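Worksheet for the structure shown next.
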Amino acid sequence: MQTTLAAVRLAGLAVTTGPLVRDFVAEGLAAGQDAAALERVARTVGLRRRLVAAPGQTALDLCADAAARLLAATPEAAGRLDAVIFVTQTPDHAQPNNANLLHGRLRLARTVAAYDVSLGCSGWVHGLQQAALLCAHGGARAVLLCAGDTLSRATNPRDRATDPLFGDAGAATLVVRDDTAGPWCFVLGADGSRARVIEVPAGGARAPRGPGPWVERADAEGNVRHPGDLHMDGAEVFNFTLREVPAAIAEVMALAGWTEPDVDALVMHQANRFVLSSVGRKCGFPAAKTPMDLVERFGNQSSASIPCALAESLGAELRSRPTRIVACGFGVGLSWGAVAFTAGPLTILPTVPLPLSP
Amino acid sequence: MNTAEEQRWSALRADVDALAAAPAGLDTVLGQLPQWDSLAVLLVITHAEQTYGRALTGAQVRACRTGRDLVALLS
């Protein structure tokens with residue numbers, strides 16, 4: 001679907017990461033893997049360092065930290081908050097949802113609406129569309145969008161194809177009503193026929209966890225997982241990305257009436273360097289306009305990766321001047337979302353790790 | 001080996017490190033190459049898309065037993 005929304009402005013961004021450092025090459029060497037093979041994957045895919053949550057820390061904790069910092073730094077907008085949207089695939093509980101738990105933790109007024117959006121790597125763009133929709137047409141003066149996951153815990157440590165990919169982070173984004181701002185253009189899409197390309201097969205209502213332990217199995221390449229582990233078919237995800245992402249980016253740019261020279265930066269979900277360089281090349285964007293080094297510093301941060309890339313790669317521009325951004329998220333569902341919008345100047349807080357509990 | 005097959009094989013080896021790193025030929029069994037893994041499959045898919053505009057599935061690539069099978073898939 002296409003959506004164009006006027007009278008919305010991005011007021012602030014903050015990202016909180018997990019505090020624990022994981023090093024792909026060092027851990028592989030310690031496990032006795034071949035140095036050249038590790039370096040090959042590190043160089044091609046961009047797997048170096050990732051930051052993950054500590055035991056007991058959840059996406060709610062990460063986002064609550066980012067949200068509290070952001071609201072404290074933007075008191076005027078915070079005082080006009082009318083809704084909280086929480087995008088996650090790793091909520092604290094099946095019920096209640098994370099948005100309501102965050103609402104309570106932040107001691108928000110009872111007039112502030114709260115709901116979750118169940119999406120992963122495409123979720124920040126979907127959440128941004130929801131937030132903008134509430135501001136443009138829903139009577140909201142300001143909306144807090146939280147997006148984050150702890151996918152590093154969703155994988156099996158013996159699944160070498162999936163386990164080294166993920167970092168944990170929570171992002172808070174503040175969207176406000178501003179009659180002088182906008183428009184923002186969105187393209188959202190889905191392909192449910194391939195929903196099982198990224199999946200956690202069991203643990204929900206369809207296949208509840210039984211009384212016994214999960215049974216692990218090895219696939220043809222020797223990667224081990226059980227039905228409660230996150231599994232991705234890397235080749236099919238890559239094919240999906242190559243097909244849908246460039247098309248969504250072209251569509252949203254056409255909707256905005258922009259061509260490549262009009263755009264200051266193309267910010268894609270920071271899946272991995274291999275995917276980003278392939279898609280960036282297909283989109284016809286120069287590498288200088290396409291941040292793709294975030295995954296080497298943080299890992300794949302799911303729905304928090306686009307706001308993290310905005311803060312880390314474009315922070316100076318966004319703090320100081322209007323910047324034309326095209327962003328695209330893609331992942332579980334399969335789903336994708338692209339947005340073309342002008343942002344800045346806005347409040348961007350330093351990206352910080354969540355402190356370990358004393 | 002015919003010229004077209006040679007050219008396709010040569011171009012494929014230039015893009016797929018698992019095929020370039022070893023003295024691989026058309027009759028090499030892919031599963032015996034040390035770097036023939038999920039990353040190599042992605043590199044073949046990328047090569048097919050960029051060179052021929054063709055979308056291959058991971059299953060199609062993984063089903064190839066030899067280099068010749070890969071070239072046939074691209075042809």
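Per the conditions (1) surrounded by 15 or more Cβ atoms within 10 Å (Cβ to Cβ); (2) in a loop (DSSP other than H, G, I, E, B), the sole criterion not satisfied by A:Pro213 is (1).
Tell me yes or no: at least one residue of segment A:60-67 is over 16 Å from A:Phe166 (Cβ atoms) and free of Cβ contacts under 8 Å to residues at least 24 places away in the same chain. No: zero hits. When A:Val8, A:Val15, A:Val25 are checked against the criterion of being modelled with pLDDT under 95 and β-branched (Val, Ile, Thr), A:Val25 stands alone in meeting it. A single entry from A:Thr74, A:Thr44, A:Thr58 fulfils the requirement of being within 14 Å of chain B (Cβ to nearest Cβ) and either at pLDDT 95 or above or out of contact with any Cys (no Cβ under 8 Å at 6 or more places or on another chain) (or both): A:Thr44.
Check segment B:55-74 and report whether any residue there is in contact with a helix residue (DSSP H, G or I) (Cβ under 8 Å, 6 or more places away or on another chain), charged (D, E, K, R) and under 25 Å from A:Glu244 (Cβ atoms). Yes, the conditions are met somewhere in segment B:55-74. When B:Asp27, B:Asp69, B:Asp15 are checked against the criterion of being under 12 Å from the mean Cα position of the chain (by Cα) and within 20 Å of A:Ala42 (Cα to Cα), a single residue qualifies: B:Asp15. What about A:Leu242, is it in contact (Cβ under 8 Å) with a residue 40 or more places away in the chain, touching a Ser or Thr at 6+ places or on another chain (Cβ under 7 Å), crowded, with 18+ Cβ neighbours inside 10 Å and away from chain B (no Cβ under 14 Å)? Against the criterion (in contact (Cβ under 8 Å) with a residue 40 or more places away in the chain, touching a Ser or Thr at 6+ places or on another chain (Cβ under 7 Å), crowded, with 18+ Cβ neighbours inside 10 Å and away from chain B (no Cβ under 14 Å)), A:Leu242 does not qualify. Scan (1) within 14 Å of chain B (Cβ to nearest Cβ); (2) modelled with pLDDT under 95 for the single condition A:Ala247 breaks and write down its number. Going through the list (1) within 14 Å of chain B (Cβ to nearest Cβ); (2) modelled with pLDDT under 95, A:Ala247 breaks only (2). Considering segment A:54-105, and only residues there that are part of a loop (DSSP other than H, G, I, E, B) and over 20 Å from the mean Cα position of the chain (by Cα), the residue that is nearest to A:Gly203 (Cα to Cα) turns out to be A:Ala94.
Of the residues making up segment A:272-284, at least one is in contact with a helix residue (DSSP H, G or I) (Cβ under 8 Å, 6 or more places away or on another chain), under 18 Å from A:Ser122 (Cβ atoms), touching a residue at least 24 places away in the same chain (Cβ under 8 Å) and not in a helix (DSSP H, G or I).
Taking the criterion of being more than 14 Å from chain A (Cβ to nearest Cβ) and part of a helix (DSSP H, G or I), the residues of segment B:2-15 that qualify are B:Thr3, B:Ala4, B:Glu5, B:Glu6, B:Gln7, B:Arg8, B:Trp9, B:Ser10, B:Ala11, B:Leu12, B:Arg13, B:Ala14. The residue that is nearest to A:Val279 (Cα to Cα), among those in segment B:61-70 that are more than 8 Å from chain A (Cβ to nearest Cβ) and either surrounded by fewer than 18 Cβ atoms within 10 Å (Cβ to Cβ) or of a type in the set (A, V, I, L, M, F, W, C) (or both), is B:Leu70. The listed residues are A:Arg40, A:Arg22, and the only one of them that is surrounded by 14 or more Cβ atoms within 10 Å (Cβ to Cβ) and in a helix (DSSP H, G or I) turns out to be A:Arg40.
The residues in segment A:4-42 that are of a type in the set (Ser, Thr, Tyr) and without any contact (Cβ under 8 Å) to a residue 60 or more places away in the chain can be counted, and the count is 0.
When residues in segment A:273-320 are screened for being in contact with a Gly (Cβ under 8 Å, 6 or more places away or on another chain), within 20 Å of A:Arg22 (Cβ to Cβ) and surrounded by fewer than 22 Cβ atoms within 10 Å (Cβ to Cβ), 3 of them pass. Restricting attention to segment A:287-301, does a residue exist that is more than 22 Å from A:Leu119 (Cβ to Cβ), aromatic (Phe, Trp, Tyr) and in contact with a helix residue (DSSP H, G or I) (Cβ under 7 Å, 6 or more places away or on another chain)? No, because not a single residue in segment A:287-301 is more than 22 Å from A:Leu119 (Cβ to Cβ), aromatic (Phe, Trp, Tyr) and in contact with a helix residue (DSSP H, G or I) (Cβ under 7 Å, 6 or more places away or on another chain).
Inclusion of A:Ala35 among residues that are modelled with pLDDT under 95, within 14 Å of another protein chain (Cβ to nearest Cβ) and over 18 Å from the mean Cα position of the chain (by Cα) is warranted. Given the criteria modelled with pLDDT of 95 or more and of a type in the set (Val, Ile, Thr), does A:Val252 qualify? For A:Val252, the condition - modelled with pLDDT of 95 or more and of a type in the set (Val, Ile, Thr) - is met. When restricted to residues that are of a type in the set (Ser, Thr, Tyr), in contact with a helix residue (DSSP H, G or I) (Cβ under 9 Å, 6 or more places away or on another chain) and farther than 21 Å from A:Val117 by Cα, segment A:316-341 contains 1.
Residues that are more than 19 Å from A:Asp219 (Cα to Cα), acidic (Asp, Glu) and within 13 Å of chain A (Cβ to nearest Cβ) within segment B:16-47 comprise just one, B:Asp17.
The values are calculated or read from the model by the stated rules, or taken from the named source; none is laboratory data. Remember, it's a predicted structure, so these values are computed and weren't measured experimentally. Glycine gets a Cβ as well: all are built from the backbone with ideal geometry, and neighbour counts include every protein chain shown.
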